[in-house]
1. Residues of segment 22-43 being exposed (fewer than 10 other Cβ atoms within 10 Å of the Cβ), farther than 30 Å from Glu59 by Cα and of a type in the set (Gly, Ala, Ser), which ones?
Amino acid sequence: MTDLLEQAIERVRTLPPETQDEVARTMLAVLDDEQGLVILSPDEKASFAKSLAQAARGEFASDERMRAIWAKHGL
């Protein structure tokens, strides 16, 4: 086991049982996923940051805009 994984396990041991189970479920989901974790590119991170900032300001797409997007994709 690597030192980093040992450090993570030691931190998890200090958490409440429910939180330990949540971490374990997350680890198992990652290990079971054939593609593993998705690493975002700097552009993708910037896009998410922009979207989160817009949401924080209450800037959301109108119902009309959402209907147009769904229709464009046949949904």
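Coordinate-derived values only; no laboratory data. The shown structure was predicted, so the numbers you read here are calculated from the model rather than taken from an experiment. No Cβ is skipped: glycine too gets one built from the backbone with ideal geometry, and neighbour counts run over all protein chains shown.
1. Of all residues in segment 22-43, those exposed (fewer than 10 other Cβ atoms within 10 Å of the Cβ) come to 29, 31-32, 34-39, 41-43.
Checking which are farther than 30 Å from Glu59 by Cα leaves us with 29, 31-32, 34-36.
Listed by number, the residues that qualify are Ala29, Gly36.
Condition check ((1) surrounded by 10 or more Cβ atoms within 10 Å (Cβ to Cβ); (2) among the basic types (Lys, Arg); (3) more than 16 Å from the chain's Cα centre (by Cα)) across all residues:
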position	(1), (2), (3)
Gln20	yes, no, yes
Lys45	yes, yes, no
Lys50	yes, yes, no
Gln54	yes, no, yes
Phe60	yes, no, yes
Met66	yes, no, yes
Leu75	no, no, yes
